[in-house]
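Peer 1: Could you have a look at this structure, given as structure tokens, before my questions?
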Amino acid sequence: RGAAWALYGLSLAYHHTGKQSYLNASKQVAHFFLTRLPEDHVPHWDFRAPGEVGEIRDSSAGSCAASGLLLLASQVDDLEAHVYRNGAIRITESLYRNYGTWDNAEEEGLLLHGTSNYPENRNIDVPLIYGDFFYIEALARLKEAGPFYWE
């Protein structure tokens, strides 16, 4: 989840400052993040956690990273943008198809399986308001960037 926040924050820092070092760091984190995603493209709460603990998902980190990837895609040339935009689309689609609460009127959030703080046993496998925020932001950025299609 820290990688998702770094990716988002560094691309946002570049957006506001224009400092190339922020853009370069955001790209490095993006590549780290994208290469460690599991098959369904939604990250584990900690890429380095061992065993079963490491399998716990964090939909909020996925939505944060998707929004950051889309911002990053808007800051680079078309060749690079393709990598970041496609990664964001895969994450956002998986969140929609596999983590949404669309069929559960009892839930108060949009996305299931967020994890806030596993070591302290707080907010594990629950909807998280900031996950919902970044998910909506990612959808808005996708819409702004033009047509996209989920397979």
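Peer 1: State which residue pairs qualify: first residue more than 19 Å from Y96 (Cβ to Cβ) and open to solvent by 60 Å² or more (accessible area, probe 1.4 Å) and inside the stretch 20-45, second residue among the hydroxyl-bearing types (S, T, Y) and part of a helix (DSSP H, G or I) in any location, beta carbons under 8 Å apart, and separation of 6 or more residues or different chains.
Peer 2: Pairs that qualify, where the first residue is more than 19 Å from Y96 (Cβ to Cβ) and open to solvent by 60 Å² or more (accessible area, probe 1.4 Å) and the partner is among the hydroxyl-bearing types (S, T, Y) and part of a helix (DSSP H, G or I), are Q20/Y14; Y22/S11; Y22/Y14.
Peer 1: Among the residues of the stretch 46-58, which ones are hydrophobic (A, V, I, L, M, F, W, C) and either under 22 Å from R97 (Cα atoms) or buried (at least 20 other Cβ atoms within 10 Å of the Cβ) (or both)? Reasoning before the result, please.
Peer 2: Within the stretch 46-58, the subset hydrophobic (A, V, I, L, M, F, W, C) is 47, 49, 53, 56.
Result: I56, single match.
Peer 1: Here is a further query. Out of the residues in the stretch 133-151 meeting the condition of being surrounded by 12 or more Cβ atoms within 10 Å (Cβ to Cβ) and among the small types (G, A, S), tell me which one is farthest from the chain's Cα centre (by Cα). Please lay out each step first, then the result.
Peer 2: Of all residues in the stretch 133-151, those surrounded by 12 or more Cβ atoms within 10 Å (Cβ to Cβ) come to 133-142, 145, 148.
Now restrict to residues that are among the small types (G, A, S): 138, 140, 145.
Values: A138: 8, A140: 14, A145: 17 Å.
Residue satisfying both the conditions and the ranking: A145.
Peer 1: Please go through the stretch 94-117 and pick out each residue that is within 16 Å of A61 (Cβ to Cβ) and exposed (fewer than 15 other Cβ atoms within 10 Å of the Cβ).
Peer 2: Matches in the stretch 94-117: N117 only.
Peer 1: Could you say whether any residue in the stretch 67-74 is of a type in the set (A, V, I, L, M, F, W, C), at pLDDT below 95 and open to solvent by less than 60 Å² (accessible area, probe 1.4 Å)?
Peer 2: The answer is no; no qualifying residue exists.
Peer 1: Check the stretch 17-35 and report whether any residue there is touching a Lys or Arg at 6+ places or on another chain (Cβ under 6 Å) and closer than 18 Å to G131 by Cβ. Please lay out each step first, then the result.
Peer 2: First, pick out the residues of the stretch 17-35 that are touching a Lys or Arg at 6+ places or on another chain (Cβ under 6 Å): none.
No: the stretch 17-35 contains no residue that is touching a Lys or Arg at 6+ places or on another chain (Cβ under 6 Å) and closer than 18 Å to G131 by Cβ.
Peer 1: Please go through the stretch 39-86 and give me each residue that is under 24 Å from Y22 (Cβ atoms), in contact with a Leu (Cβ under 7 Å, 6 or more places away or on another chain) and outside any helix (DSSP H, G or I), ordered by number.
Peer 2: Listed by number, the residues that qualify are P43, Q75.
Listed here are the residues, each with its yes/no results for (1) touching a helix residue (DSSP H, G or I) at 6+ places or on another chain (Cβ under 8 Å); (2) farther than 25 Å from K143 by Cβ.
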| residue | (1), (2) |
| --- | --- |
| G9 | yes, no |
| T17 | no, yes |
| R48 | yes, yes |
| S60 | yes, no |
| D77 | no, no |
| R85 | yes, no |
| H113 | yes, no |
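Peer 1: Would you check if Y130 is open to solvent by less than 60 Å² (accessible area, probe 1.4 Å), within 21 Å of D46 (Cβ to Cβ) and assigned to a helix (DSSP H, G or I)?
Peer 2: no
Peer 1: Another question, then. Looking at (1) under 16 Å from the mean Cα position of the chain (by Cα); (2) assigned to a loop (DSSP other than H, G, I, E, B); (3) at negative phi, which one does G109 not meet, given that it meets all the others?
Peer 2: Unmet condition: (1).
The values are calculated or read from the model by the stated rules, or taken from the named source; none is laboratory data. What you see is a predicted model; the values in this text were computed from it and never measured. Please note: Cβ atoms are built from the backbone with ideal geometry, for glycine as well, and neighbour counts cover all protein chains shown. Side chains are part of the model used for accessible areas, which takes the heavy atoms of the whole protein and leaves out ligands, DNA and RNA. Shrake-Rupley method; radii C 1.70, N 1.55, O 1.52, S 1.80 Å.
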